[in-house]
1. To the nearest 500 deg cm²/dmol, what mean residue ellipticity at 222 nm is calculated for the chain from DSSP H runs of n ≥ 4 alone, each contributing -39,500 (n - 2.57), summed and divided by the residues?
2. Rounded to the nearest 10 degrees, what's the angle between the helix 247-256 long axis and the longest principal axis of the chain, both from Cα atoms, 0 to 90?
3. Of L146, V198, P265, which is farthest along the charge dipole of the chain in the positive direction, counting Lys and Arg as +1 and Asp and Glu as -1 at C-beta?
4. Rounded to the nearest 0.05, what FRET efficiency do K23 and D331 have when you use their Cβ-Cβ distance and R0 = 51 Å?
5. Check the straight Cα-Cα distances from K123 and name the lysines below 22 Å, setting aside those fewer than 8 residues away within the same chain.
6. Can you give me the relative contact order of the stretch 296-380 as a percent, contacts being Cα pairs under 8 Å and 6 or more apart?
7. Nearest 10 degrees is fine. How inclined is helix 358-367 to the longest principal axis of the chain, computing both from alpha carbons?
8. Normalised by the residues of the chain, what does the relative contact order come to in percent, with Cα pairs under 8 Å and at least six apart?
Amino acid sequence: MTLLEPTTTASVDRTIKLITTGKSGGSTCNTDLAAEPWDFDSRPGYGPGASMGDVIPTNAPRQGSLPAEYRDASPEELDRRIRAVKETMGERLVILGHFYQRSEVVQYADYVGDSFQLANAAKANPKADAIVFCGVHFMAETADLLSGPDQAVILPNLAAGCSMADMANIDQVEECWEELEAQFGPLDQPGSDGRVPVIPVTYMNSSAALKAFCGRNGGIVCTSSNAETVLAWAFERGQRVLFFPDQHLGRNTAKAMGVPLEQMPMWNPNRPMGGNDAETLDDSQVILWHGFCSVHKRFTVEQIERARVEYPGVRVIVHPECPMPVVDAADEYGSTDYISKAIAAAPAGSTFAIGTEINLVQRLAAQYPEHTIFCLDDVVCPCSTMYRIHPGYLAWVLESLADSDSTGPEAARVVNRITVPAADAAPARLALERMLAARPPVAGGGGIVAS
Ligand code: CIZ
């Protein structure tokens with residue numbers, strides 16, 4: 001877990017404001033990024049940024065209007081109010097900040113890390129009544145699964161979803177499972193090799209309902225740090241894997257393990273049999289769900305070629321949610337944790353071109369001034385759902401907690417609590433426990449060097 005300096009010097013928000021007001025060169029993927037997130041709470045959609053072209057589900061959680069006192073407050077006033085609640089609540093409050101969160105919010109976080117590290121931080125702080133997760137919805141759900149029943153996990157803005165997680169919903173996955181059962185016969189019956197026909201594997205970036213589906217059906221969860229170990233676990237138990245929602249993580253990982261591309265058909269949930277014929281499915285080893293991350297989809301081989309021309313000797317590291325040609329063209333690929341550790345371990349004067357979300361890249365560049373670190377994509381395009389969290393929402397959820405604190409728990413005003421329904425919680429935890437048993441966390445692990 002990285003504890004960052006409490007600084008806002010690395011600010012994507014400030015970069016965006018400078019660009020959109022013409023005070024500096026460069027470009028952003030959307031001029032709406034200069035607006036405040038509450039301007040988007042009354043409209044359906046992911047908000048400005050890399051996911052804005054994605055179709056938001058009709059039942060996606062919506063955030064009600066943020067009270068004017070928080071919308072109108074200056075950054076200095078919000079800072080004073082947030083720090084006052086932190087001071088009053090002490091260890092009864094834990095604030096978690098995801099690597100991709102804006103620096104103006106991350107500066108208040110007690111822990112900064114990836115989704116699974118942060119869910120574990122919630123678990124490691126049993127004295128905290130309130131865990132405020134400055135990340136996106138599935139991350140808060142995971143924290144709820146791992147934290148105690150009396151701990152409230154709070155997402156400051158309910159519109160902070162994840163477009164990739166939304167690309168696989170439980171109804172679609174259950175339909176897919178029925179179709180696979182029609183194709184392969186009972187999916188819980190091992191064949192002559194002792195393996196069942198299909199093991200479902202879900203990426204951490206998925207709803208708790210999908211994690212529960214995996215728990216109920218002999219499946220498992222993976223992170224971008226342990227996907228190879230988890231796939232190996234699944235192949236020991238199954239003849240093939242159904243991998244959702246991110247096709248790229250599934251493809252990049254399985255390819256590195258030697259699975260031929262022609263044995264990785266894509267499952268399109270809008271087409272019968274996912275758009276495949278029986279023979280293709282019979283021959284498959286990994287069935288890849290048609291999902292992707294709109295941030296990582298922006299990275300291209302041309303950007304890597306340009307970086308190599310402009311910075312001879314540059315070390316290119318990309319995230320495994322990037323498309324396969326980008327991963328193949330990079331020097332290395334790995335999770336956010338892998339990227340952060342690779343930079344921390346490099347000799348001074350190294351140059352890095354990084355293919356992941358810009359908030360993390362800018363913060364790493366500020367944290368390690370002895371290196372040259374830049375984002376492969378020179379268009380500033382943050383994650384649109386992380387963007388929905390702003391210090392104004394953080395102050396609002398914290399002051400609501402502090403109000404309830406002074407009048408007793410019976411008057412609790414815990415706003416934006418995220419709770420996984422009881423029926424899903426136990427099987428979702430089972431799928432997470434299988435992941436931990438498949439690969440107990442090892443400090444420094446996680447990266448795979450591309451061949
Ligand atoms: O698990 C996470 O937090 C994400 C989004 C990716 C990663 O590599 O850490």
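1. On the way: 17 runs with 172 residues, N = 451.
Taken over the chain, the calculation gives -11000 deg cm²/dmol.
2. Around 60 degrees separate the two axes.
3. L146
4. Calculated transfer efficiency: 0.90.
5. K86, K211
6. Working: 131 pairs, mean separation 26.0, N = 85.
Relative CO of the stretch 296-380 lands at 31 percent.
7. Around 60 degrees separate the two axes.
8. Dividing the mean separation by the residue count of the chain yields 21 percent.
Here, each number is a calculation from the coordinates, and none is a lab measurement. Because the structure is predicted, anything quoted here is derived from the model rather than measured. No Cβ is skipped: glycine too gets one built from the backbone with ideal geometry, and neighbour counts run over all protein chains shown.
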